[in-house]
Amino acid sequence: MATETTTYNLTSYEKRSLHLFLLETDDIYVLDMQFPSYVYLTLVIAFLLFMIFLQFWKFDWNHELCDVGYDFLWERKSMWTSRAARRQMVQDVRKLRHIGDLPPVYPNGWIALFESNNISKGQVKHIAALGENLAVFRSEKGEIMILDAYCPHLGANLAIGGVVKGDCLQCPFHGWTFDGSTGMCVDIPYSDKALNVAKVKKWFSCEANDFIYVWYHAEGCDPLWQVEEVPQIKSGEWWFRGRNEFIVNSHVEDISENAADTAHLNAIHSQSMLAGSKPGSFNGPQMALTSFFKHKWRAEWTPNELQQHVGLITIEHCVQLFGALELMHIHVDGKQIGPTHVKLQLNTTFGPILVLMEVTPLEPLLQRVVHRFYCPPHLMIYAAIVMYGENVMIKRDIGAWNHKKYKKRPLVTKEETMLQNHRRWYRQFYSEHSPLFTFRRDAIDW
């Protein structure tokens, strides 16, 4: 039986319409087939750009006092809380805190005031720290000099509006000029000669490892040691990776003795950095997602027998998966140099990373903590991951420091002898006239 064939007679207009439709359909089909390729290419480009970002971007993470450890004050409020309101709430809570029987509030030693890039040639800055008001300036030759901030003439602040002239600092009020190397007045613009008795205190200062230091000693002693320079930083062999900064509500010794408090490491730092920095988050929904990934620590602190002002830190760290498989081993060799400076060299599987920590006592119970990270150029991406992890871990410590009461005679176990040894070692940084904490109800100065 023959098959019938249907024939359609199309007008020229219908033929052109059908032709255009088929062309459009073909284009759509081709585009649909190529779309996944565009997605993959976009993802690859985005990943490469992100890697370039990690390689060259210098991270700078700054945290105010209200940013860490005070979330409980406003997290239950139904309305959004402004930053100004948060600051005030933190100040109110600080007044209610029991501080304990504190040791002297300002230890003797080299104290970091600024980072080197904070002050350029011919620039002067004011800082209130260690119970002093200081004018820190860089001469036109690039040398750092530190003087008392207040002019002996009528008490103007030399750092607020003062002018750097060569190695000298000129008062903004009457133009009296003081030599940065001696503190002596060398010029009074409306007098024939400078007064021999006109002088401001000149402080010992130095600059090393991208920090600016002042020598503080309650008895007025000359420096007892010098700040160690890191050759790899000075030569530029290791690159600056980034920094973080925190304001902490604690006594300066609370932060220092954390190095010898090895029992706290596996207590609050064992949980994955993905679990967050708040203690409450360790048992929340995030805990279930990160329980397979934990940190394992072993640490030791001992005083250096050859250098009395140095404490030695050794830390062994690894990441533990599913409670058994250990990866990413890091061996840390560290030094506590004086009361506020810590140098940690992280010897990782991929190479060394250096962390410098400086604590600046701004007030008796207010510390500025800065970490700077350095590494060889090929480790910049890995160092960014380490830096993020450290940023999470230090927040866990700060959450405790911000609220703890100092215990002069803590109740400790026999396994915590390192903590007691550290306290005995730290006493060398106090002297007869080291200032003690004073509380004034009419004008709270902490």
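The values are calculated or read from the model by the stated rules, or taken from the named source; none is laboratory data. In this text the structure is predicted, and so the values were computed from the model without any measurement. As a convention, Cβ positions derive from the backbone with ideal geometry for all residues, glycine included, and neighbour counts pool all protein chains shown. To get the accessible areas, we keep the full protein, side chains included, count just its heavy atoms, and leave off ligands, DNA and RNA. Shrake-Rupley method; radii C 1.70, N 1.55, O 1.52, S 1.80 Å.
Structure notes:
- Candidates are the residues of segment 334-346 that are polar (S, T, N, Q) and under 26 Å from Y382 (Cβ atoms); the one that is most open to solvent (accessible area, probe 1.4 Å) is Q345.
- Only one of the numbered conditions (1) farther than 23 Å from M51 by Cβ; (2) touching an Asp or Glu at 6+ places or on another chain (Cβ under 8 Å) is violated by T360, and that is (2).
- Criterion violated by Y426 - all others in (1) in contact with a helix residue (DSSP H, G or I) (Cβ under 8 Å, 6 or more places away or on another chain); (2) surrounded by fewer than 17 Cβ atoms within 10 Å (Cβ to Cβ); (3) of a type outside the set (K, R); (4) assigned to a helix (DSSP H, G or I) satisfied: (2)
- Neighbours by Cβ (under 7 Å, 6+ apart or cross-chain): first from segment 332-347, without any contact (Cβ under 8 Å) to a residue 60 or more places away in the chain and farther than 16 Å from Q428 by Cα; second open to solvent by less than 40 Å² (accessible area, probe 1.4 Å) and outside any strand (DSSP E or B): L346/V386
- Taken over segment 225-275, the residue count meeting the criterion of being assigned to a loop (DSSP other than H, G, I, E, B) and open to solvent by less than 20 Å² (accessible area, probe 1.4 Å) is 8.
- If you filter segment 347-382 down to residues that are in a strand (DSSP E or B), touching a strand residue (DSSP E or B) at 6+ places or on another chain (Cβ under 7 Å) and open to solvent by 20 Å² or more (accessible area, probe 1.4 Å), you find that the one that is farthest from D254 (Cα to Cα) is P352.
- Tabulated pairs, segment 296-309, first aliphatic (A, V, I, L, M), second assigned to a strand (DSSP E or B), C-beta under 8 angstrom, 6+ apart or interchain: A299/I313; A299/T314; A299/I315; A299/E316
- Any hit, segment 307-325, residues being touching a Leu at 6+ places or on another chain (Cβ under 7 Å) and open to solvent by 50 Å² or more (accessible area, probe 1.4 Å): no
- The criterion of at least 1 residues that are in contact with a Gly (Cβ under 8 Å, 6 or more places away or on another chain) and open to solvent by 60 Å² or more (accessible area, probe 1.4 Å) is met, among strands (runs of 3 or more DSSP E) falling completely within segment 31-135, by 59-63.
- Qualifying residue in segment 190-201 (condition: more than 30 Å from R427 (Cβ to Cβ), open to solvent by less than 30 Å² (accessible area, probe 1.4 Å) and among the hydroxyl-bearing types (S, T, Y)): no
- Considering only residues in segment 202-224 that are part of a loop (DSSP other than H, G, I, E, B) and of a type in the set (A, V, I, L, M), the one that is surrounded by the fewest Cβ atoms within 10 Å (Cβ to Cβ) turns out to be L224.
- Verdict on S139 being hydroxyl-bearing (S, T, Y) and surrounded by 15 or more Cβ atoms within 10 Å (Cβ to Cβ): yes
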